[in-house]
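The values are calculated or read from the model by the stated rules, or taken from the named source; none is laboratory data. Here the structure is a predicted model, which is why all the values come from computation and not from measurement. Glycine gets a Cβ as well: all are built from the backbone with ideal geometry, and neighbour counts include every protein chain shown.
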Amino acid sequence: MPAFKLRHSTLSFLSSTRLSIAQCPRARASPPSLPSAAMSCTNRQAMGVAEVSTMDRQLRLAGERELSEFSQTLQQPADRSAPPAELNGDEPGRTTSTKPSFFSVLDTREPPSPWHDLAASVRSAVSRCRSEYSSSPLRCIVSALRSLFPILRWGSSYDLKSFRSDLLAGLTLASLGIPQSIGYANLAKLDPQYGLYTSLVPPLIYALMGSSREIAIGPVAVVSLLLSSMIREVVDPSTDPVAYRKIVFTATFFAGIFQVAFGFLRLGFLVDFLSHAAIVGFMGGAAIIIGLQQLKGLLGISHFTNSTDVVSVTKAVWVALHEQWYPYNFMLGCSFLIFILITRFIGRKKKKLYWLPAIAPLLSVVMSTVLVFLTRADKHGVRTIQRVKGGLNPSSANQLRFRGPHVGESAKIGLVCAVIALAEAIAVGRSFASVKGYQLDGNKEMVAMGFMNIAGSMSSCYVATGSFSRTAVNFSAGCKTSISNVVMAVTVFISLQFLTRLLYYTPYTILASIILSALPNLIDIREAYNIWEVDKMDFLACVGAFFGVLFGSVEIGLVVAIFISFTKIILNAIRPRIEVLGRIEGTNIFCSTRQYALATKLPTLLIVRIDSFFCFVNANFIRERITSWVLQENELLQEIPEKRIKSVIIDMSNVVDIDTSGIASLKEIHENLASLGIQLAIINPGWRVIQKMKLARVVEMIGGHWIFLTVGEAVEACLGKKDTGSIC
């Protein structure tokens with residue numbers, strides 16, 4: 001009886017396995033037939049022991065044989081074109097000749113035109129808005145406002161605990177932002193109060209419209225340098241400061257307009273023209289230029305060059321050192337620079353003391369101001385700010401100039417500043433959003449940045465964006481929402497109202513040391529090394545941007561970076577990847593023979609894959625490459641005619657589109673191969689590709705039965721193992 005129970009369990013397992021396998025699409029073609037397994041237990045018990053043993057042995061052998069066949073069926077790749085096999089009772093495994101109807105690779109619907117996709121998107125948005133408006137006009141308006149002002153979505157759930165965190169973060173942020181804003185205004189060749197103005201209005205607008213919870217808004221070093229270096233070529237700030245400010249505000253207005261347009265029209269991809277490598281190089285070069293510019297304040301030099309390239313700045317410093325200069329500026333600035341760097345080192349080592357490097361710049365301003373006042377160092381050559389205009393931001397709407405000779409220059413400067421500011425802000429916002437685990441909408445960020453700069457241009461502000469150093473401080477201080485920006489703005493407003501007079505004795509050298517302390521964050525040597533390791537062409541763009549800024553100008557650095565990036569794109573388009581495919585032994589998987597050593601080429605076949613679009617810039621290259629491979633291969637195998645190439649299979653799965661030049665090259669490839677007696681087969685052309693091939697009669701020329709869905713089907717057809725008529 002134990003042996004009988006074991007046999008009975010085996011039969012139950014075989015029956016259940018049969019049901020499981022029958023549910024598989026690959027095994028459904030040949031379901032198992034175990035009639036004896038249905039025999040009842042009662043009938044089996046009525047038999048003799050010998051008969052039961054003989055029957056069990058037969059059933060076990062039959063079950064093992066059928067399971068082996070189904071295992072092989074499951075291991076074979078899914079061949080949707082093969083007809084279902086039905087097992088015959090007398091001749092197991094023999095397939096019938098019945099062929100089911102099956103879809104053709106050519107039987108595809110017409111792809112929608114780009115205008116159709118755009119119209120569908122617009123219709124969907126309009127219909128959604130219309131349905132909301134018809135159900136409730138108020139609901140439609142509220143939905144639009146909540147989309148434009150994210151604060152309306154999370155404001156209802158804002159609590160006192162979150163406000164405490166934002167209050168602490170905002171005060172910490174203000175302690176760093178106030179001295180930095182004054183220093184960056186000096187870098188932009190503006191009076192100190194304009195840096196404080198830029199830390200007041202734009203953060204308030206962003207708190208209402210921005211979607212990032214951590215980003216800190218205000219002036220930044222790179223944009224300040226960009227503005228001063230580009231505008232001084234139009235107007236000299238030392239000779240005509242009023243005209244200089246008007247161009248600054250007008251360029252800020254244009255920057256906001258461009259940013260809003262990018263967001264509403266979903267043109268954020270324009271920012272991506274500045275690749276990551278180009279930004280790394282640009283930031284590094286700009287940081288060095290900014291540092292060299294700060295030598296004027298650090299050394300107390302009165303006359304300095306307006307050029308930004310390293311040669312001119314170094315020459316100006318060399319000349320100034322051989323003239324009268326005051327070493328007290330250098331001693332004071334270096335002392336507090338060391339103090340700020342030490343506090344930053346302590347803050348990195350001990351995370352609980354994150355507030356120490358944040359308030360170090362403010363402490364430096366307070367201590368240096370008191371020190372200059374007590375020692376009367378301003379009488380001994382230490383240059384001080386002396387006067388900072390207090391009060392709320394005055395209106396600058398009447399200073400915007402949309403007529404005159406400099407409107408085009410202002411628009412160009414605004415466009416460059418808009419792209420740089422967006423690239424920095426979105427990179428900063430997304431990096432911290434990924435840490436917090438939420439998604440940042442780049443288009444909404446562009447709209448928020450644009451509106452805050454438009455408002456800023458009318459309230460005496462220049463281009464503002466997200467600062468990495470201040471955002472890191474805001475994040476470390478535990479901010480919960482963008483209310484921390486509001487707290488910082490209120491603190492700046494209080495400073496403008498009551499504390500500006502106390503800045504009379506603040507030395508310029510301390511502002512230079514604060515800016516210098518922020519520059520190491522802009523120079524990312526480790527990332528530049530990683531770029532070198534990963535992609536040499538990207539590293540070339542990085543180095544080009546770096547040296548362009550360093551030895552030319554900020555504009556030259558940007559142009560060089562964009563030029564190298566576009567050159568890389570064009571080279572990849574002109575010389576696309578064309579891989580020769582081989583089969584992994586024992587499988588029906590085909591992959592690149594260069595990438596995988598196990599992939600071996602099949603005799604009499606050349607299988608290639610095009611990993612690019614097929615258009616006018618690369619059509620001739622693709623045609624010449626495939627034709628030359630065929631000729632070289634046949635020339636090498638001239639003495640072995642049975643192994644010469646008889647079929648060429650082109651895998652077009654990765655070709656998303658083709659133009660008329662690509663169509664013409666495809667026709668030439670077919671004609672050249674046909675003249676050599678070689679058959680051409682096409683694999684899985686894309687939706688738009690197959691439609692254009694039909695319209696150009698390429699399908700008719702090649703033959704519809706030589707267009708396949710998979711490489712395996714084409715290989716079997718070319719080797720004569722499959723009837724091609726069953727495929728298409």
Selected residue (criterion: nearest to residue 643 (Cα to Cα)) from residues of the range 582-604 that are out of contact with any strand residue (DSSP E or B) (no Cβ under 9 Å at 6 or more places or on another chain) and surrounded by fewer than 15 Cβ atoms within 10 Å (Cβ to Cβ): 603
Boolean, residue 308 is loosely packed, with under 15 Cβ neighbours inside 10 Å, out of contact with any Pro (no Cβ under 6 Å at 6 or more places or on another chain) and among the hydroxyl-bearing types (Ser, Thr, Tyr): no
Filter the range 306-343 for residues that are assigned to a loop (DSSP other than H, G, I, E, B) and of a type outside the set (Ser, Thr, Tyr); which is nearest to residue 509 (Cα to Cα)? 325
Over the range 435-468, the set of residues surrounded by fewer than 24 Cβ atoms within 10 Å (Cβ to Cβ) and closer than 24 Å to residue 519 by Cα is 435, 468
Please state which one of 255, 277 is of a type outside the set (Ser, Thr, Tyr), in the same structural domain as residue 334 (by TED's automatic domain parsing) and closer than 27 Å to residue 197 by Cβ. 255
Return yes when residue 502 is of a type in the set (A, V, I, L, M), surrounded by 22 or more Cβ atoms within 10 Å (Cβ to Cβ), part of a helix (DSSP H, G or I) and at pLDDT below 90 and no when it is not. no
Given the conditions (1) closer than 30 Å to residue 712 by Cβ; (2) in contact (Cβ under 8 Å) with a residue 24 or more places away in the chain, report the number of the one that residue 540 does not fulfil. (1)
What is the number of the single condition among (1) surrounded by fewer than 17 Cβ atoms within 10 Å (Cβ to Cβ); (2) closer than 15 Å to residue 179 by Cβ that residue 338 does not meet? (2)
Just one of 420, 385 is surrounded by 24 or more Cβ atoms within 10 Å (Cβ to Cβ), farther than 22 Å from residue 204 by Cβ and either under 20 Å from the mean Cα position of the chain (by Cα) or in the same structural domain as residue 502 (by TED's automatic domain parsing) (or both); which is it? 420
Just wondering, is there one or more residues in the range 613-625 that are in contact with a Cys (Cβ under 9 Å, 6 or more places away or on another chain) and on the phi < 0 side of the Ramachandran plot? no
Evaluate the following for residue 575: is it of a type outside the set (Phe, Trp, Tyr) and either touching a Gly at 6+ places or on another chain (Cβ under 6 Å) or touching a residue at least 40 places away in the same chain (Cβ under 8 Å) (or both)? yes
All but one of (1) under 20 Å from the mean Cα position of the chain (by Cα); (2) in a loop (DSSP other than H, G, I, E, B) hold for residue 402; state the number of the condition that does not hold. (1)
Residue in the range 522-530 that is hydroxyl-bearing (Ser, Thr, Tyr), modelled with pLDDT of 90 or more, surrounded by fewer than 20 Cβ atoms within 10 Å (Cβ to Cβ) and outside the structural domain of residue 226 (by TED's automatic domain parsing) present: no
Taking the stated definitions as given, is residue 176 assigned to a helix (DSSP H, G or I), modelled with pLDDT of 75 or more, among the aliphatic types (A, V, I, L, M) and surrounded by 12 or more Cβ atoms within 10 Å (Cβ to Cβ)? yes
Do we find a residue being within 21 Å of residue 232 (Cα to Cα) and of a type in the set (Ser, Thr, Tyr) anywhere in the range 462-485? yes
Do we find a residue being outside any helix (DSSP H, G or I), modelled with pLDDT of 90 or more and hydrophobic (A, V, I, L, M, F, W, C) anywhere in the range 218-225? yes
Could you count how many residues in the range 462-492 are more than 22 Å from residue 355 (Cβ to Cβ) and out of contact with any Pro (no Cβ under 6 Å at 6 or more places or on another chain)? 3
Matching residues, the range 611-624, being within 24 Å of residue 591 (Cβ to Cβ) and buried (at least 16 other Cβ atoms within 10 Å of the Cβ): 612, 613, 614, 618, 621, 622, 623
Of 161, 189, the only residue that is among the charged types (D, E, K, R) and either surrounded by fewer than 19 Cβ atoms within 10 Å (Cβ to Cβ) or closer than 17 Å to residue 447 by Cα (or both) is 161
With the structure loaded, tell me whether residue 185 is touching an Asp or Glu at 6+ places or on another chain (Cβ under 7 Å), in the same structural domain as residue 450 (by TED's automatic domain parsing), outside any loop (DSSP other than H, G, I, E, B) and of a type in the set (Gly, Ala, Ser) or whether it fails that test. yes
Which residue out of 487, 473, 435 is over 28 Å from residue 247 (Cα atoms), out of contact with any helix residue (DSSP H, G or I) (no Cβ under 6 Å at 6 or more places or on another chain) and assigned to a helix (DSSP H, G or I)? 435
Taking residue 328 as the residue in question, decide whether it is surrounded by 16 or more Cβ atoms within 10 Å (Cβ to Cβ) and farther than 24 Å from residue 172 by Cβ. yes
Looking at the range 543-555, is at least one residue within 27 Å of the chain's Cα centre (by Cα), outside any strand (DSSP E or B) and either more than 30 Å from residue 301 (Cα to Cα) or without any contact (Cβ under 8 Å) to a residue 40 or more places away in the chain (or both)? yes
Is it the case that the range 257-279 has a residue that's over 26 Å from the mean Cα position of the chain (by Cα) and either modelled with pLDDT under 85 or over 25 Å from residue 510 (Cβ atoms) (or both)? no
